[in-house]
Each structure stands twice: as C-alpha cells, then as structure tokens.
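Scroll down for the structure; my scribbles are underneath it.
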Amino acid sequence: MTKFPRFLTVGSFFFALFLIGSVSRDACAFVSQQLPVDSIAYKDTLIETMMRVTHKPLKAGAAVSYGPNFLQLQSLNLPADPITTNCDFFTTGSGSSFGIDVRTDMPLWGDLSPWSFVPRLAFEQIKGDLLWTQQVPTWDSTNQIIRNADFRHRLSALINVISFKGLIAFEFLHTATLEIGPVLGYQFNQTFARRTETTAPGDRIDGQSSRLDASGDLVGSNRFTLGFAVSLGAEFPISEKLHARPYVDISAPITRVASYLRAESFRLGLAFLYDLTSSGEMLPVYEKRQIPIVIKRDTTAVVKNTIPHLSASIRAVGVERDGTESNIVTISIQEIKSRNAYPTLNLIFFDSGSATLPERYVQYRNAQDASSRYAGSDERNNIPLLDLYHETINIIGDRLKKYSKAQLTLIGSTSNNGIETGNLALAKARADELKNYFVKVWSIDPKRIQTQGRLLPEHPSPVDSVLGQQENRRVEMLVSDERITDPIIVTNTEHLATPPNIQLIPTIHSKYGIRHIRAAIIGGGRELLSLDGDAPAHKLLNLNEDILSQLSDSLRLLLEVTDSNGESVTATNSIPLVINRIARDRTEGLDRFSLILFGFDRSSIEGKNERLLGNIARALPALNPERVTIVGYTDEMGDPQHNEQLSQERASEARIALENYLHELKLPLPGSILTEGRGAKDRLYDNTLPEGRFFSRTVNITIERALH
C-alpha cells in the first residue's frame with residue numbers, strides 16, 4: 001500500500017469538507033454521505049368558520065285604520081229622484097271611515113334596494129252625512145207669522161267596499177316608508193237615508209221630531225271604483241320577528257262612488273308585520289393561519305476530484321402583501337362566492353380617425369337579435385368586469401326602454417391630435433353612430449337622445465400622451481335618470497391563494513461567467529412569469545383571479561443557463577397546489593362595491609360615487625359587517641410613487657364620505673374599517689385598453705360579514 005504524507009491526508013480532509021459545504025442542496029449529484037436535517041416550516045392555511053347572514057325580509061301582516069272622510073254631492077235634479085229633490089241643497093259633508101286589511105311587503109331588486117312591492121287587500125266602511133237647514137215660517141189662527149221654524153235635512157250614506165291596493169314602497173331614513181299606488185274597489189253595499197229633523201224642542205213634523213223621507217240603495221252607484229292611495233309610515237321592532245308600523249293613509253278617487261257622489265278619506269292606522277324569512281343562512285368565513293410543520297431532509301455529498309464548470313437550481317418563495325417572505329411547501333387555493341357591485345362606465349372609446357364602433361363591443365343586428373340574445377341588465381353570474389363593460393351600450397339601451405321618461409345626451413370627442421386635429425365633425429359623427437344604434441336595435445325614440453361634439457372631453461386625459469389621446473377618443477353618455485347607469489350585481493366564484501405572490505430564486509455556480517439566464521413559472525398550459533437576460537431582476541407573480549381560475553394541479557419552475565464557454569444547463573422544480581372547492585349550495589361570503597368615476601389624477605368623491613356610498617351606508621346594518629376594507633388603486637400611467645399616494649387619497653376620501661353618511665343616518669360604524677392605497681401594484685385590468693385604465697382608477701370596498 002502506498003502511504004501518503006500526513007499533510008496530504010489532512011489537506012484532503014479539509015478539501016472534502018469545503019466541497020460538502022459549498023455544494024447546494026439542489027446539486028445532489030455531488031453528495032455521497034447522508035446527513036439528516038430536521039427543520040420547521042410554516043404553512044399558510046385558510047381556516048374556514050361559518051357565519052350567519054340575513055337578507056332583506058319578506059313580511060306579512062294585518063292592519064286596522066280609522067279616520068274622517070269627506071263627501072261631495074252634485075244634485076241630480078231628476079224627477080222622482082228618491083235621494084234628492086229639486087228643493088234640496090245638499091253640497092258637502094263628512095263622516096268616518098274604517099278599514100281592516102291584510103298586506104305583504106315583498107322586497108324588489110335585491111338586499112341593497114330600498115324598494116318593495118306592497119299588495120294590500122282591505123275591507124272598508126265609509127259613512128257620511130250631508131246637511132242643509134231650512135227655515136219655515138209658522139202662522140197663528142189669524143194668519144200672522146209668529147216665528148220661523150228651523151228644519152235640518154240630513155242625507156246619510158253607508159258604503160261597504162272590498163279594495164285591492166298595489167303599492168310601491170320606498171324606504172328612507174332607515175325606518176320610514178312612503179307607499180303609493182292604484183286602488184281597485186268593489187262596492188257590495190251602498191245605501192242611503194234622507195231625514196228631516198227639527199232643531200227646536202217645540203217644533204214638530206207630523207207630531208214627531210224627525211221624519212224619514214226616503215231610504216234604499218244609492219241610485220246610479222258604481223260597483224267598481226278606481227283611485228289611488230298614498231301611505232306614510234315608520235316601522236318599529238316589537239321582537240326579532242314581529243314589527244309594528246303606524247301609518248297615515250290618504251285615498252283619493254278617480255271614479256266616484258256614484259255619478260253624483262264623491263268620497264275621499266284620511267285614516268290613521270296601525271299594522272303588525274311578521275318577518276317570514278328564515279333566521280339567516282350560514283356562510284363560510286376564512287381566516288389565514290400559519291401552521292408549523294416538521295420537514296425531514298436528506299443531504300448527500302459526493303466528493304470528487306473535479307467540480308463541474310456550471311450548475312444551477314431554482315426555487316420559489318411566497319411573498320405576502322406586506323412584503324414578508326416565506327418558504328413555499330404548497331400553494332393553497334380556496335374557492336369562495338362573492339357578490340360584486342360592478343359599476344357601469346358611461347364611456348365608449350373609438351379607434352383613431354374612426355366613427356365606427358370597435359368590434360370588441362357586443363353589438364346586435366336588430367331588435368329581434370337583441371331580444372333573443374341579450375342576458376339582462378340587473379344581475380349576472382361569473383362574468384369578468386371588462387366582458388360586462390363591452391355590453392355597456394346594450395345595458396344602457398335596455399334600461400332606456402325600462403325607464404321610458406329618461407333622456408340621454410351623447411357627447412362625442414376627439415384626441416385633437418394628428419388626423420383628428422380640429423375635426424369637430426368626427427366628434428359629432430361618433431355620437432350619432434351611438435344614437436343610431438340605440439334607435440335601430442333598442443327602438444329608443446330619437447327625440448329622447450341629444451348628440452353633441454367636442455374637440456376634447458370636458459375633463460381630458462393628458463393630450464401629449466399616446467395613452468391619454470386614446471382615452472380622449474370617446475363618447476360620453478349622460479342620463480337624466482341615474483338608474484340607467486346603476487351598478488350591476490354579479491355573483492362570482494373567486495379564488496384566494498396563500499401565499500398571494502411568488503418570487504423566483506435561481507442559484508447558479510459558473511466557472512466561466514454567465515452569458516444568458518432564463519427563468520419561468522409555468523401553469524395552466526401557459527407561461528405565467530418569465531425572467532430573461534444576463535442578470536434578470538427579481539419579479540413577483542401575483543396569483544390573481546385570471547391565473548388562479550386556470551390552475552388545477554401544480555406550478556412548474558424552469559431555469560435555463562448558458563455560460564460564456566457555451567455550456568448550458570437546465571433546472572426544474574414544482575410547487576403542488578391544494579384546491580378547496582365550495583359546495584354547490586353555499587351562498588355569498590363577501591360583498592364588494594367599486595367606485596370608478598375618478599377622473600385622471602383625481603381623488604374627489606362626487607356624482608354617482610356619492611349615491612353609491614349612500615346606498616352602501618344604508619345597507620351596512622343588514623349585512624352585519626365585522627370588517628370593511630377600502631382599497632384604492634390607480635392605472636399604470638405616471639410615477640409609481642405618486643400613484644401610490646393618489647390611491648391612498650382615494651381610499652381615505654371614500655372612508656370619510658362613508659363615515660359621514662353613517663353619521664347622518666344615525667347608523668353605527670362597523671367594528672373595523674381598514675384603508676390601503678395599492679397604486680398600480682395589483683394590475684386589476686388590462687391597461688393596454690382605455691377602459692381597463694379607467695376601471696383601474698378605482699376604490700374597492702369589501703364587506704366581510706360577522707357571525708351572529
């Protein structure tokens with residue numbers, strides 16, 4: 001056996017230790033000795049709990065009412081009239097009115113709507129007296145007038161009615177309700193009695209103090225009557241399910257009780273209403289927790305006489321919203337249903353030099369085509385916001401038909417740049433193009449639509465920017481009825497990822513230097529993130545809905561490296577996905593509202609934003625919020641630092657306005673209101689499109705409900 005000098009043996013030992021320490025965990029081809037290593041990692045997990053949510057209730061109940069009524073008589077002056085004679089002078093009178101009715105309060109247009117339909121079926125009894133006094137001289141035996149005797153003529157009417165009232169109710173000031181609508185009545189009993197009465201004790205008519213002149217059914221009465229009713233009331237809880245509603249009813253006829261008799265009533269009433277809805281439904285709430293797990297690893301080192309010129313490995317770390325990094329064991333994806341109030345953007349954008357509607361907008365050939373294919377303007381399921389926006393002209397058209405008195409003003413504008421410089425005719429042609437579509441496809445009366453042209457919008461985007469010029473080539477739709485541009489409720493299935501962001505960490509050892517590096521994350525059959533160059537910068541992959549909805553198995557990590565000597569190496573890795581899907585019968589867990597009418601570089605709350613915030617404030621008590629999160633965003637134009645500050649201002653303005661509305665309505669503040677400005681860090685929508693940038697200038701309000 002050949003013996004080596006001692007210094008060579010010691011040197012070889014330390015050289016082997018150096019190799020074992022310097023080789024990475026991924027370069028397992030150079031490890032020969034197994035070294036078990038236990039470590040602790042933390043797995044971010046969504047823990048599901050349940051909460052109870054109530055909806056706007058369906059109520060039923062009964063009421064009683066009592067009050068005065070007012071009668072007005074037009075004399076018939078007909079021969080042999082048993083009710084009045086040619087000598088009678090009845091004009092007006094009064095009496096009492098009594099009613100018993102049953103009613104149902106049926107919510108209209110969702111939990112956030114203040115409107116409801118109130119059908120009421122009632123029995124009503126109307127009584128009234130019409131009076132006039134007659135003076136009759138009395139003579140003695142010598143035909144001398146002794147005095148005048150006063151006789152009172154009384155015409156009494158009694159009418160029994162079964163009536164149906166179809167009222168539309170509007171709730172305001174949280175408890176007050178105004179109801180108005182038509183009344184259809186069936187008169188099954190109409191009688192009268194005409195008497196002559198003495199007013200002095202000594203006077204007599206045929207020896208009596210009163211005489212019945214005529215009685216019977218009212219002549220010429222109407223079996224069916226039509227009128228309208230107005231009711232104003234306020235509701236107060238007696239128990240969790242039972243409520244009391246004092247109210248005032250005013251009824252006015254369109255048709256008369258009889259051709260000569262008119263009756264109006266004013267009654268005070270008290271209704272008792274019972275809540276028919278269930279005590280609530282259980283919905284999932286998700287809380288993110290870090291669960292520690294023990295990971296056992298085997299590290300093997302192989303000592304060789306040579307080290308490779310090029311080696312590489314790739315891994316990924318999770319990045320939370322606050323920038324905190326964590327090792328990824330798996331990515332947890334949780335499905336959850338949410339209700340989103342998607343806003344209606346009242347702008348339509350045109351291509352340069354063109355007055356033709358771009359093909360990305362959904363267009364129908366004619367009214368029959370729209371009637372058979374259009375999906376509706378109130379609620380949708382699982383439709384992205386930009387896809388919904390591309391139906392804007394049809395949403396506006398459908399609502400113009402629904403609200404037939406609304407007026408529409410179309411204001412076309414240009415970029416006033418290049419071929420569009422000074423081209424006012426092009427601006428007007430764009431507005432006319434939209435008008436022709438509403439008239440042809442949605443049959444809107446042309447008289448309801450006005451068109452105008454401007455070289456630039458009233459509040460233009462930057463005119464010296466290509467993106468700003470793209471936004472200025474548009475038609476703005478202004479309506480006289482704000483309901484035309486109200487949000488559309490969309491129920492979506494959303495995905496929440498833990499962690500929400502991924503960052504690639506390549507590890508490379510090269511003897512000759514690096515010529516080119518390419519790293520990528522691949523999932524759902526496409527490349528989700530790529531880093532390319534000789535020294536690629538770190539980049540985050542945001543696991544947004546667009547990505548999460550397409551993932552089903554795992555993410556694949558890829559690293560390709562070429563050194564200056566022309567040698568190449570490829571490293572791969574993967575991250576498994578754990579997907580928790582919702583049950584089919586589960587309902588919404590989150591409510592989201594978007595405010596989008598922020599102009600370029602503006603943060604003030606105005607216009608429809610004010611109206612929407614007021615609706616949110618009125619809806620909060622019914623939603624029982626535990627936490628309200630208000631997040632401001634911007635598009636990708638401009639300086640990122642300025643955009644982050646602008647988004648924070650937008651969120652703060654929305655919070656101040658919401659708290660002011662709650663204070664005015666005397667409603668309690670939620671337990672927690674959080675605000676955040678994200679700038680353009682989260683790319684909400686495609687910023688290559690002008691509509692994508694407008695929708696990115698937004699504030700999202702998310703309401704998380706609490707357990708009862």
Ordering of 681-692, 470-481, 209-220 by burial proxy (mean other Cβ atoms within 10 Å per residue, highest first): 470-481, 681-692, 209-220
Local net charge near D101, Cβ-Cβ under 10 Å (Lys/Arg +1, Asp/Glu -1): +1
Relative packing of peptides 501-514, 372-385 - highest average C-beta neighbours within 10 Å first: 501-514, 372-385
Accessible surface ranking that places the most exposed of F694, F600 first, with a 1.4 angstrom probe: F600, F694
Whole-angstrom Cα spans of region 146-220 along principal axes, big to small: 68, 31, 15
Cut-off 12 Å between beta-carbons: net charge of the residues surrounding A62, Lys and Arg +1, Asp and Glu -1: +3
W115 - accessible surface, heavy atoms, 1.4 Å probe, Å² rounded to 10: 80
Percent of Cα pairs exceeding the 11 Å cut-off, where the set is region 661-708: 77
Equivalent-ellipsoid semi-axes of region 423-477, from the Cα gyration tensor, Å, largest first: 25, 10, 9
Rounded if a/c under 1.5, otherwise prolate or oblate - region 379-457, Cα gyration tensor axes: oblate
Inter-part distance where region 625-664 and region 355-434 are each reduced to a Cα centre, Å: 29
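The values are calculated or read from the model by the stated rules, or taken from the named source; none is laboratory data. Computed from a predicted structure; not experimentally measured. A quick note on method: Cβ atoms are made from the backbone with ideal geometry, for glycine too, and the neighbour counts reach across all protein chains shown. Please note that ligands, DNA and RNA were not included when accessible areas were found on the heavy atoms of the full protein model with its side chains. Shrake-Rupley method; radii C 1.70, N 1.55, O 1.52, S 1.80 Å.
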